[in-house]
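The values are calculated or read from the model by the stated rules, or taken from the named source; none is laboratory data. Values in this document were obtained by computation on a predicted structure and should not be read as measured data. Neighbour counts are summed over all protein chains in view; Cβ atoms, including those assigned to glycine, are modelled from backbone coordinates with ideal geometry. Accessible surface areas use protein heavy atoms only, side chains included; no ligands, DNA or RNA. Shrake-Rupley method; radii C 1.70, N 1.55, O 1.52, S 1.80 Å.
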Amino acid sequence: MITIDRARKIILNSINELKETELVFLKEAYKRVISETLICREDLPAYNNSAMDGFAVRCSDFKDFYKKAYIELKIVATIQAGQSSLYFRRIRIGETVRIMTGAMLPPGADAVVMKEYTEVSGDRVKIKYKPKRGENIRLKGEDIRKGQKIIEKGEVLDAPFIGLLACCGIDKVRVKKRPKIAIISTGDEVVPVSIFPLPNFCVRNSNSYSISSLVISSLGSAFDFGIVKDDIKQLNRVLKRLTDFDGIITTGGVSIGDYDFVKDAFNKAGIKVLFSGVNMKPGKPFTFGVLDNRIPVFGLPGNQASCMVSFEIFVRPAMKKMLGIKDVLPKVIFSRLGFDFKTTRDRVNLLRVRLSWDNNIPQAYQTGAQGSGRIKSMVSAHGFAVIPEGDSIFKKGDIVETILIEK
């Protein structure tokens, strides 16, 4: 068996960034990976404007404010959002302009007073405090300057990025094509999920559903090739049909039992197996190889929790590298154990835990029984508490590394 870090290094060294891109409308770009660095073509905001509904004023009119309870100014105009102030003359001593949020600041004004602090009577307004220069004004280019970088290649387009690009006048973006991932479930005992009641000695094909969902959450496209029985020839035929895919995932059949045949099928299909077996629990049987020297093949264990843990540790980072995302490794924090745990001598334990915060310190609690087939333990899990191998006992309150799960 090899270590988790060694296994991940072998996998990532075998992954090439996908080259294909496509142009999509911005409204269709959520959770896509940008394939080029974009530069702003104009200042944002494009002009000085008001951040509030109120009155645009000259701060110099308030020099005698402390001698009075208020300053009274004459309202000479009103500027609405979307209305240019270029046609307004410069406001003069003792004058003000009623202004709406987002409206262009009139010449001569250097602050905006919120209407909540004013009292209007006809064309006169009383202002009851002294504003500061620049107050409630959004300056031209204060968010982004023309020529400044908006977004770098390899970023994932979330809602704020998409809103920013829209503000900058960009309605189409070039993004990475989604990696196409083929999924195969193996095992004579595996049956379709719709079969009810479940026949004796069988399990439903839940892995194809959970792994397809994880592929999609990893910004890929999932293609389910169904269930393959414990038959080397049948699996071999399916594998040879998958040369147009960017990655292949199999579930089950990678352990050392008499009917665990997937590794033999890999070899017969021309898949070069780079390692089989990782020093982790769950996920020990995880196997990795390469088809045609270019297509990564991930052999995940068949037990449901083990299958999902292996995906998070190995497959998700690999898919991030395919897409050119810069930070491919899962985020790691330190948390305080909320339970005692006796370590396993020969393997690193990845305990499914939920996190809560106590005085800004994350506390980790087991999500239930930790068997490799306990899929319910994944439902409320926020991460994996990493318990090193060896003969020792970790006590409640001990600090451990915790790998966060991406949802």
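Extension gain, Lys326-Asp123: 0.36 nm per intervening residue step, less the Cα-Cα distance, totals 67.2 nm. If R0 is taken as 45 Å, the Cβ-Cβ distance between Tyr70 and Ile361 corresponds to a FRET efficiency of 0.35. Here the peptides 214-221, 178-185, 10-17, 124-131 are ranked by packing, the mean other Cβ count within 10 Å, and the order with the highest first is 178-185, 214-221, 124-131, 10-17. Counting only Cβ charges, +1 for Lys and Arg and -1 for Asp and Glu, the dipole size of the chain around its Cα centre is about 980 debye. Note on the chain: helix-only mean residue ellipticity at 222 nm, from DSSP H runs of 4+ residues weighted -39500 (n - 2.57) and normalised by residue number, equals -4000 deg cm²/dmol.
Cβ-Cβ distance of Asp231 and Val191, R₀ of 22 Å, FRET efficiency by 1/(1 + (r/R0)^6): the value works out to about 0.90. Split the accessible area of the chain by element, probe 1.4 Å, and carbon with sulfur accounts for 50%. Of all the options Gly253, Gly122, Gly368, the one that moves most in a Gaussian network model of the chain with Cα springs shorter than 10 angstrom is Gly122. I'd like to check one number: the per residue accessible area of the stretch 283-407, probe 1.4 Å, reported in Å² as a whole number. Per residue, the stretch 283-407 has an accessible area of 45 Å². Just add up the charged neighbours of Met322: K/R +1, D/E -1, any other residue whose Cβ is under 9 Å from the Cβ of Met322. Within the 9 Å Cβ shell, the charges total +1. Assuming charge only on the beta carbon of Lys and Arg (+1) and of Asp and Glu (-1), the dipole of the stretch 251-407 about its Cα centre is about 280 debye to the nearest 20.
What shape does the stretch 184-240 take by its C-alpha gyration tensor, where a ≥ b ≥ c are the square roots of the eigenvalues and a/c under 1.5 counts as rounded, a/b above b/c as prolate, and the rest as oblate? Oblate.
Just want the answer: with Cβ charges of +1 for Lys and Arg and -1 for Asp and Glu, which residue in Leu300, Ala318, Thr287 is farthest toward the dipole's positive end in the stretch 283-357? In the stretch 283-357, that residue is Ala318. Specify the residue with the greatest mean-square fluctuation among Phe62, Phe161, Phe261, computed from a Gaussian network of the chain linking alpha-carbon atoms under 10 Å apart. Residue with maximal mean-square fluctuation among Phe62, Phe161, Phe261: Phe62. Compared with the rule-of-thumb size 2.2 N^0.38 Å for a compact globular protein, the chain has a Cα radius of gyration ratio of 1.42.
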